[in-house]
Amino acid sequence: MLGLWVLLWASLALRGRSNTAFLRRAPDSAGHCIYSFTVASPVEAACPEAAGGVPELRAELAALAARLSRLESRERAVGGSGPGAAREPQQVAVSRSLPRPITCPEAERGHRALSREEFARRKVKPHSWRGAWRHQMCPPAVGGGTRLLTEETAAFREAAVGHGAPAGSAGGGSAPAHTDPTAAPRWEPQPLTFQELQSERTEVPVSRLLEETALGRPGGADSAGCGELVWVGEPVVFGRADSIAGKYGVWMKDPEPVPPFTRDTTWRVDAVGTEVRQLFQYEEAEQLARGYPAKVHILPRPLESTGAVVYRGGLFFQPRHSRSVARYDLRGETVTAEREIPGAGYHGQYPYSWGGYTDIDLAVDETGLWVIYSTESARGAIVLSKLDPQTLEIRRTWETNIRKRGVANSFLICGTLYTVSSYSAPNATINFAYDTATGASRALSIPFENRFRYLSMLDYNPSERQLFAWDSFNMVTYPVRLSQA
């Protein structure tokens, strides 16, 4: 009360000196009574802007008053003024355009909606609007309650869903109508007083699953015709040997089978031992995984190492302690052809880097049957010869500049020889290619994974567009992708 009397006394004293001093009493938002008084300036006789305030401030206050009025009307429309409050027709139209009601936590920082002019000024792309106003409309809550989005925000969301801004929107133009599928909004943490909307172009790598199916498997985009190897996928395990005899070996499918065999018929040889004669036959790869062969062939001659292949109804292999190649007919179960490879090293003279007497390695691709070896005249470089699959006659020979002992293994695709850098490094590469069409070699760096750290066999199957490999007891495949020819 003493403070009130002091205020009254000062007011009366000043009223005696000037007619412009007056006392005012009004309640505040909490219901308390607030007393205030104003006094004329003792220096200036009058203030030119006193009647209406500074123009910029007056305009800002008017805009703020209009904004608060709209917010209050929205709250009454959703029930803020009691159970009998009616929804305004304009708000009903906006709500129906939205897939679902959007609400935001009430915050003491107040409403931070961006106007259309602000979106246009920042050049925000249409695909970014949805995340933009969700972040701008819903700041972290510090109070209770919910609020429906404002009219202008709902209109922007409606425009974003429709992939374009409404025609004639405020700001002098419409937002871009196209959507960039590779762009994605990124948010950078900034002070809570202001959050700048940013949209950046982000390169998204193609899904590895897509590469391994649509591009790297049979029936993919590159399944017809030949091309250069550009990608090798991760290994997929199909089976595992259960004895030391399967530390390394060879497993195969015939890309051009003859009845009664099919492309699903799978063949396997465990290559550890001095008398390797057993050829296991499986009706399909799933049977191989279970470890129960449909039949076991006993070869009339033991084979050497892991260079064998199955092609057009025959098993092609190197008989032990020889520089020859033999054809074993899978239906008649007899050797139908055998031919010596002139000058070819054997039994440890020119193996791959992993050893295993891999001097003579047979391979199949889209063009036919090949033999990979080296000779004394080639001084250990890889020599390629194209073979007749029936008679094993050499049709043509190529001498490369790739040292055979310097690579872990090799295979052919579309007449091009590819080599692997290491048999044990987990992150190896396809490091060289030799094109028989041009007689030129080139260095490569295509990632290749040795998951089990002991790659002893690697062959290409042209019908499945996959690499078959034997990696320390494990029979695996690698999906591949070729460039368009």
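Just for strands (runs of 3 or more DSSP E) wholly inside segment 377-471: which have at least 3 residues that are of a type in the set (A, V, I, L, M)? Working first, answer last.
On the way: elements: 381-387, 394-403, 409-413, 416-420, 427-435, 440-449, 455-461, 466-471.
Per the criteria, 381-387, 427-435, 440-449, 455-461.
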Report task. Report, by residue number, each residue of segment 249-275 that is at pLDDT below 95 and of a type in the set (A, V, I, L, M). Result -> Ala271, Val272
**Report entry** Residue within segment 432-448 that is over 16 Å from Phe238 (Cα atoms), surrounded by fewer than 18 Cβ atoms within 10 Å (Cβ to Cβ), of a type in the set (Lys, Arg) and at pLDDT 95 or above present
**Finding:** yes
Report summary line: Note: among Val272, Val250, Val309, just one is closer than 14 Å to Gly356 by Cα and under 36 Å from the mean Cα position of the chain (by Cα), namely Val250
Requested in this report: Consider only pairs whose beta carbons are under 6 Å apart and that are at least six residues apart or on different chains; among these, list those whose first residue lies in segment 331-353 and is within 17 Å of Leu387 (Cα to Cα) and whose second residue is of a type in the set (D, E, K, R).
Outcome: Thr336/Arg327; Thr336/Asp329; Ala337/Arg327; Glu340/Arg323; Ile341/Arg323; Ala344/Arg323
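Restricting the search to segment 255-268, which residues are charged (D, E, K, R) and farther than 19 Å from Ser305 by Cα?
Step one: list which residues in segment 255-268 are charged (D, E, K, R), which gives 256, 263-264, 268.
The answer is Glu256, Arg263, Asp264.
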Query raised in the report: Between residues in segment 211-238 that are within 15 Å of Cys414 (Cα to Cα) and at pLDDT 50 or above and residues that are open to solvent by 50 Å² or more (accessible area, probe 1.4 Å) and of a type in the set (A, V, I, L, M), which pairs lie under 9 Å by C-beta distance while being six or more apart or on different chains?
Result: Gly225/Ala485; Cys226/Ala485; Gly227/Ala485; Glu228/Ala485
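Any residue at all in segment 294-302 that is in contact (Cβ under 8 Å) with a residue 24 or more places away in the chain and in contact with a Lys or Arg (Cβ under 6 Å, 6 or more places away or on another chain)? Write out each step before concluding.
Restricting attention to segment 294-302, the residues satisfying the condition of being in contact (Cβ under 8 Å) with a residue 24 or more places away in the chain are 297, 299-302.
So of that shortlist, the ones also in contact with a Lys or Arg (Cβ under 6 Å, 6 or more places away or on another chain) come out as 299, 302.
Checked against the condition, which is being in contact (Cβ under 8 Å) with a residue 24 or more places away in the chain and in contact with a Lys or Arg (Cβ under 6 Å, 6 or more places away or on another chain), segment 294-302 yields at least one hit.
Please list, ordered by residue number, the strands (runs of 3 or more DSSP E) wholly in segment 313-366 having 1 or more residues that are at pLDDT 95 or above and surrounded by fewer than 19 Cβ atoms within 10 Å (Cβ to Cβ).
Once the strands (runs of 3 or more DSSP E) in segment 313-366 are filtered for at least 1 residues that are at pLDDT 95 or above and surrounded by fewer than 19 Cβ atoms within 10 Å (Cβ to Cβ), what remains is 324-329, 334-340.
Give Ser472, Ser463, Ser483 a once-over and let me know the one that is surrounded by 15 or more Cβ atoms within 10 Å (Cβ to Cβ), under 22 Å from Pro255 (Cα atoms) and not aromatic (Phe, Trp, Tyr). Walk me through how you get there before you give the answer.
Working: Ser472 fails: under 22 Å from Pro255 (Cα atoms); Ser483 fails: surrounded by 15 or more Cβ atoms within 10 Å (Cβ to Cβ).
When all the criteria are applied, what remains is Ser463.
The values are calculated or read from the model by the stated rules, or taken from the named source; none is laboratory data. Just so it is clear, the model here is predicted, and its values are computed rather than measured. Heads up, the Cβs are rebuilt from the backbone with ideal geometry, glycines too, and the neighbour counts pull from every protein chain shown. The accessibility values were calculated without ligands, DNA or RNA, using every heavy atom of the protein model including side chains. Shrake-Rupley method; radii C 1.70, N 1.55, O 1.52, S 1.80 Å.
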